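Taken together, the values in this text are just the output of simple stated rules run on the coordinates, not laboratory data. Quick caveat, the model's predicted, so the values are computed rather than measured. We place every Cβ from the backbone using ideal geometry, glycine too, and count neighbours over all the protein chains shown.
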Amino acid sequence: MQTRIKNLLVEKPVDSLVQVAGWIRTRRDTGSFSFLEVNDGSCLANIQVIAEGGLANYETEIRKLSAGCSVQVEGNLQVSPAKGQDIEILAASIIVVGWADPEHYPLQKKRHSFEFLREISHLRPRTNALGAVARVRSRMSYAVHTFFQERGFCQVHTPVITTSDCEGAGEMFQLTALEAGTGDPCGQEFFGRKAGLTVSGQLQAEVYALALGDVYTFGPTFRAENSNTSRHLAEFWMVEPEMAFCDLVGNMRLAEELLRYLLGDVLTNCADDMDLFDQFIEKGLLAKLRGMTEQEFAHITYTEAVDRLLQSKKKFEFQVRWGVDLQSEHERYLTEEIFRRPLIVTDYPAAIKPFYMRVSDHGRTVAAMDILVPGIGEIIGGSQREERLDVLTARMQAAGINISDYAWYLDLRRYGTAPHAGFGLGFERLIQFVTGMANIRETIPFPRTPGFAPC
Ligand code: 4AD
Ligand code: MG
């Protein structure tokens, strides 16, 4: 059984026989032996393997190894006399498992652009940067579950196929069952009504919050948003907690605690990968993230935010006006230039927010909160939910929503209603923030954007 390189580097069982299996990054020959750099994906570091000329397949195979070939190595782990690594393997045998024709293997030893790597999304996890992103993403997913489970939240698997458009923004992908074949364009004959891919698990999470108290859902969500930006995907993952007997203040507290926890976790547990991002992707990233774990987030209402933006005299592409949603350029100016730290914006105009948000007493605003972070803008969107049956019904009617489709949602207010609140953390925006990646397409293994879904 082979050992993972990550474990070898931690345990360093010097002077023992070890086996590793991985892919060649480089081969360098000197005199009668070769140095192989082998990476197995368990960590950023490669292990150096020394292949001496006396190995049976030295001339026939080892001297033909090139980037991308897969090998199994057995040998003695020894302290490396040379600079660059503490330990290395003196190979007793090297089995070539798979060749990679150097004429055609696309990942040669040079810096490739992320745009190019996207075109080979089946090979890009073999690069340092995308391998590091994959490990950070996995760790962050684990930390999300740890955070909620440690606090007694119950995970709810909300459906991917849904008949309710939570955000009401008309961005739902619709489902069709071609096999059914009667020209029904929206899968109506299969489910008996229009169905699509979920844009958010929130409405179903509310059902479980109003039974189990504190719940969360964490899964893929889909939006047919035709925006080709560096922060939008058609398929992305969202972390959505929902808490019963909770108001906007409790909601903000949880969101801030979650973000701080996740940043602290990645800094501690992905140190090598994070160093790579700090060095090659965003200079100063580590200092920025550490600062965030220490500093309290700033708070401001939407109305104050609009005033601050107007006072700034900055020329924006989109004009700032009360009642109009903040654009990304406004969000970034607030968090990057005015506050220079994460910022929670609350109490947005009711008219620009979805039907489920709790209306304030004067009716002009809702108990909404967005969290904005430098470099990204909005990373979290959430609110206290409208728990009053009459107010919710009136708001849904005003929004042109067919009340009978949402009878179940209204029942939650009819029977044992309670104040409740929750939010959605865009998982890829989180990964973008912690890795410093300029484009969100580098944060998910197989990005889907308008016109792009290769494998
Ligand atoms: O602000 P949004 O639309 O909120 C909701 O969907 C609520 N129902 C969540 C809730 O209260 N349970 O989306 C939440 C977050 C955004 O702040 C953003 O980080 C991310 O999801 N997001 C996207 N990420 C990538 N690509 C897209 N197209 C995204 N749209 C939203
Ligand atoms: Mg939002």
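Worth a mention:
- Of Gln72, Ala132, Ser113, farthest towards positive along the dipole that unit charges on Lys, Arg, Asp, Glu beta carbons give the chain: Ser113
- Each Cα pair under 8 Å and six or more residues apart adds its sequence gap; the mean of these over the residue count of the stretch 308-422 is a relative contact order of 20 percent.
- Per-peptide average of other Cβ atoms within 10 Å, ordering 436-443, 355-362, 310-317 highest first: 436-443, 355-362, 310-317
- Vicinal HN-Hα couplings computed from phi for the stretch 254-260 (Karplus, 6.51 cos²θ - 1.76 cosθ + 1.60; Hz; Gly/Pro x): 5, 4, 5, 4, 4, 4, 4
- Helix-only [θ]222 nm of the chain, DSSP H runs n ≥ 4, -39500 (n - 2.57) each, per residue, nearest 500: -8500 deg cm²/dmol
- Check: the chain dipole with +1 on Lys, Arg Cβ and -1 on Asp, Glu Cβ, in debye: 740
- Cα-based shape type of the stretch 316-455, given that a ≥ b ≥ c are square roots of the gyration tensor eigenvalues and the cut on a/c is 1.5: prolate
- Against the compact-protein benchmark of 2.2 N^0.38 Å, the Cα-based radius of gyration of the stretch 8-148 scales to 1.15.
- Assigned charges on the beta-carbon of Lys, Arg, Asp, Glu; the stretch 11-62 dipole about Cα centre (debye): 160
- Distance cut-off 17 Å, percentage of C-alpha pairs in the stretch 199-301 lying past it: 68
- The stretch 96-154: chymotrypsin sites (Phe, Trp or Tyr not before Pro) in DSSP loop, at most 14 other beta carbons within 10 Å: Trp99
- Taking other Cβ atoms within 10 Å as a rough exposure proxy, Thr435, Thr417 sort from fewest to most as Thr417, Thr435.
- Note on the stretch 36-64 and the stretch 401-442: Cα centroid distance 49 Å, given to the nearest whole angstrom.
- According to the Kirkwood relation over distinct C-alpha pairs, the hydrodynamic radius of the chain is 24.9 Å.
- Pairs of Cα atoms nearer than 8 Å and 6+ residues apart set the relative contact order; for the chain it is 13 percent.
- The stretch 256-412 - charge dipole about Cα centre, Lys and Arg +1 at Cβ, Asp and Glu -1, debye rounded to 20: 640
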